[in-house]
Every structure is written in C-alpha cells, then in structure tokens.
1. Of the conditions (1) within 16 Å of the ligand (Cβ to nearest atom); (2) not hydrophobic (A, V, I, L, M, F, W, C); (3) not in a strand (DSSP E or B), Asp309 fails just one. Which one is it?
2. Which one of Asp86, Asp97, Asp143 is among the charged types (D, E, K, R) and open to solvent by less than 60 Å² (accessible area, probe 1.4 Å)?
3. Scan the stretch 344-356 for residues that are open to solvent by 40 Å² or more (accessible area, probe 1.4 Å) and closer than 24 Å to Thr419 by Cα and report the count.
4. Among the residues of the stretch 13-27, how many are over 14 Å from Thr46 (Cα atoms) and modelled with pLDDT of 95 or more?
5. Here is a list: Ala257, Ala276, Ala286, Ala265. Which entry is assigned by TED's automatic domain parsing to the domain that holds Glu343, over 25 Å from the mean Cα position of the chain (by Cα) and aliphatic (A, V, I, L, M)?
6. Scan the stretch 311-322 and give yes if some residue there is open to solvent by less than 50 Å² (accessible area, probe 1.4 Å), within 15 Å of Asp214 (Cα to Cα), in the same structural domain as Leu393 (by TED's automatic domain parsing) and modelled with pLDDT of 95 or more, otherwise no.
7. Counting only residues that are modelled with pLDDT of 80 or more, polar (S, T, N, Q) and touching a Ser or Thr at 6+ places or on another chain (Cβ under 9 Å), how many does the stretch 35-76 have?
8. For Val59, indicate whether it is touching a helix residue (DSSP H, G or I) at 6+ places or on another chain (Cβ under 9 Å) and closer than 23 Å to Ser167 by Cα.
Amino acid sequence: MRVVLGVGGGIAAYKAALLLRLFTEAGHSVTAVPTEAALSFVGKATWEALSGKPVRTDVFEAVETVNHVRLGHEADLVVVAPATADLLARAAGGHADDLLTNTLLMAHCPVLLAPAMHTEMWRHPATQANVALLRERGVHVLDPAVGRLTGADSGPGRLPEPEEIFSAALALVGGPSADDAGHLPGGPGTGRPSDSLAGRRVVVSAGGTREPLDPVRFLGNRSSGKQGAALARAALAAGADVTLVAAHMDVPPPEGARVVSVGSALELREAMLAEAPGADVLVMAAAVADFRPSEQQASKIKKRDDAADPIITLVRNPDVLVELVQRRNAAQPGQLIVGFAAETGDDASSAFDYGMAKLARKGCELLVLNEVGADAAGSERVFGQDSNAVLILARDGGEPEHAAGSKDEVAAAVVRRITRELAARATQ
Ligand code: CTP
C-alpha cells in the first residue's frame, strides 16, 4: 500500500525513522513528508535513504508533479508521527501552509495522528479541542503514551512506540487483509476508526448486580452502568457486533446492542458463560458483587417483636472474570479479555501496583484501572459521574496508557487499545 508518513517537528521524530522501517520492511511504499521543523531534528538524507524516495517539505518543490494534490490523493494511509501541538492545530484549522498540511487536506484514506509533546501542551484546552475536532471528523488520533519525556519529567506526552503506531495503522486499514497485490479495500471512508472492529463480536457486561435477600430486598452497589454503556457504544461505533449483559443500570443501553438483562452475580455469570463462546472480545465492566446472602427467603422477611432481628450471612460469589479467562484458555486462546478494577493506594503499595497484581491474578490481557480515593471525593468521582480517569494496564508489559475525560472518551480510548491489541495479534 502507499503510505504517507508525515513527521512533525519534535524530538520524537527519530522514532518515526524506525516506524518508516517497519512499513518498508512489511513491503509498503512510504513517502516521508517532514515539516520544515522536523528537519531540524532528523535531516532529509535519513528520510530519503530509508524511504528510497525524494523528500520535500514545501509545495513549491517539484511543482511539475503536483505533489501537494497527488500525495494525499493517492495515499492508502496517512500516518503522522510525531504530531506536535502546532501540527494538530494546523490540521484542525484546515491550514495548507506546507506539503504535509496540503496532503492532510487532500487525503480521503484513513489518517492516523500520533501526538507527542510536553504534558502541559497535551492537556492544554486548545490542544484537547483540536484533538476532539479531528476525531469528530473521523481522523484517528492516538493518545500519547505516559512516561519519561525529553527532560527529567514524565507524564502523558510520549510518542507511542513505533510498533504500537504500526499496529494501530494496520488496524485502521483492516489489518493484513489487503489483497495479494498489496492494495487495500478502498474507497473513501473505509478502514476509518469507525470500521476498526467490523466483523468482531464484543460482549460487554455493565451495571451493578443485585443479590436478593427476599422477593423485595436485595444487596446492591452504586454502579450506574454509564461506563459499560459507553464501552458498548464505542464498540458499536467501531463497527462491532455488540452484546450488552446488563445488570442494574441507571442509563438506557445504547441503540444497536443486543441486550441480555440479568439481576444477580450468578445470573450474570450464566449469561457471560453463554455469550463468551465465539466472541472476539469480552469486557467485564460490571460491578459484580463479591458476596451474596447465603439464603434467599421465598417470602418477605417480616420484622417481629417476638423474635431476634435477622442476621444476614454472606457467601462468596464466583469470580466471573477469572472463570472466563480459564474457559477461554482451553477453548479459544485468541479471545481478548478486559477487566476493570477500582483501587486505592495505601502505605504498603500504590494503586498502580495493586492494579498490576490484580491483572496478573485475573489473567486477562487488559485491566482498566480506576484510581479511587485519590482525594476525599475520589470514589464519588467514579460512581454515577459522567467523567472518568483511568490507566489501561496490559499484561504483556506494554506501556500503561492514561485516558481521561467523559466516559465516552475513556470508552473510545479502551476500544482503540482493544483494536490495537487485536491487530497486534493478527500480525504475530
Ligand atoms: N469481577 C467478576 N466477578 C466477581 C467480582 C469481580 O467478574 N465476582 C470482575 C469485575 O467485573 C472487574 C474485575 O473483576 O472486571 C475486578 O473486580 P474487583 O471487585 O475490583 O476485584 P476483586 O477480585 O474482587 O478484588 P478485591 O475486591 O479484592 O480488590
């Protein structure tokens, strides 16, 4: 396929050279289009030698080839790494002041932007608004990785590793399913983020289980189901066939999802075990009660003056996530399983370390970690609220990824990560 690799003017430009190699070694034809500023970091000679093609930054070079129109028009995929704050602003604003921005305006193929910048720049409302606008228009913008930045500081802003960008790019164009000639299923709109889970079956559990005490009473929890509903919505938007196993939810399920309603943890277990076979992805976003009353009374428990107040004895519920992992391992090794966890740090360990330990214990591939209790209102921030902040932890040791914003934005980040994991498996 024909790839345009745009390179912005940031220190991470050196990683784009490795990305270029990944594309050429996989047999793709790459045209590097650095910005003028990018050449201050990595010179023209490197891009020309690695791509085997002349490199231009300006629309007034090689005018006879009408480069500013042709490159974007002919590309099967445009990847920009690193996308600096300035480049994101110019792309969002529709500028056409150099060859790369002209190419972005002309492209009707999938476009992937991999931002890298200082944490403050990434978090600045101007950058966030530009990213939101670009995503709204169907441009795929990766979240930057969290980690060491150029200086001694660290935080979100690192360019994701070249392999990760490469997998995300292939996922956008339908993975390795290009035809024998290397051409991709084409046409405007194909392979965009909205298609990245096309043909995949995703099962999401959501909401809070209710453990019955008698016909009118239950033990419940405060999960609203908003994050689970957002995940189902994001998976639908990515083209997946979605089943929502819904325990008690305060919000309606998204249109387009097949809904299996459940009450208790045992019912949720039964539904998940029934839905799991054949699913490509299982997401356990439900707040499953760890305990249930040991007995469920057939008739309403009465208060009586002539008898002692009842004592409720609890028994452990099965861990549905662990059971899904165990069954998957035997029956369907390719299935991707995602768990959720809410953790607080204490004197012994950080929430991150507890999250990593839980990830290992549960055996799933990804764990979406909510760090609750970071302040006095921490847990209030998660349950029932419209926004969320999470770390996506990966069992294979990939970089933890920070995602924050509305529950829809967090869900979109989780679905993007799922898409990348599936793509990486497809190329292994
Ligand atoms: N989960 C599950 N079955 C249960 C309890 C939890 O499948 N009986 C799933 C949740 O849906 C979530 C993950 O396990 O994806 C994390 O749940 P959590 O309650 O935080 O973990 P526990 O194993 O209960 O650990 P602890 O309460 O000790 O922190």
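The values are calculated or read from the model by the stated rules, or taken from the named source; none is laboratory data. What you see is a predicted model; the values in this text were computed from it and never measured. Ideal geometry is used to build each Cβ from the backbone, glycine not excepted, and the neighbour counts take in all protein chains shown. Surface accessibility is based on the protein's heavy atoms, side chains included, excluding ligands, DNA and RNA. Shrake-Rupley method; radii C 1.70, N 1.55, O 1.52, S 1.80 Å.
1. Result: Asp309 passes all but (1).
2. Exactly one of Asp86, Asp97, Asp143 is among the charged types (D, E, K, R) and open to solvent by less than 60 Å² (accessible area, probe 1.4 Å), namely Asp143.
3. First, the residues of the stretch 344-356 that are open to solvent by 40 Å² or more (accessible area, probe 1.4 Å): 344-348, 350, 352-354, 356.
Within this subset, residues satisfying the condition of being closer than 24 Å to Thr419 by Cα are 352, 356.
Count: 2.
4. 0
5. Ala265
6. There is no residue in the stretch 311-322 that is open to solvent by less than 50 Å² (accessible area, probe 1.4 Å), within 15 Å of Asp214 (Cα to Cα), in the same structural domain as Leu393 (by TED's automatic domain parsing) and modelled with pLDDT of 95 or more.
7. 3
8. On the way: touching a helix residue (DSSP H, G or I) at 6+ places or on another chain (Cβ under 9 Å): yes; closer than 23 Å to Ser167 by Cα: no.
Answer is no for this residue.
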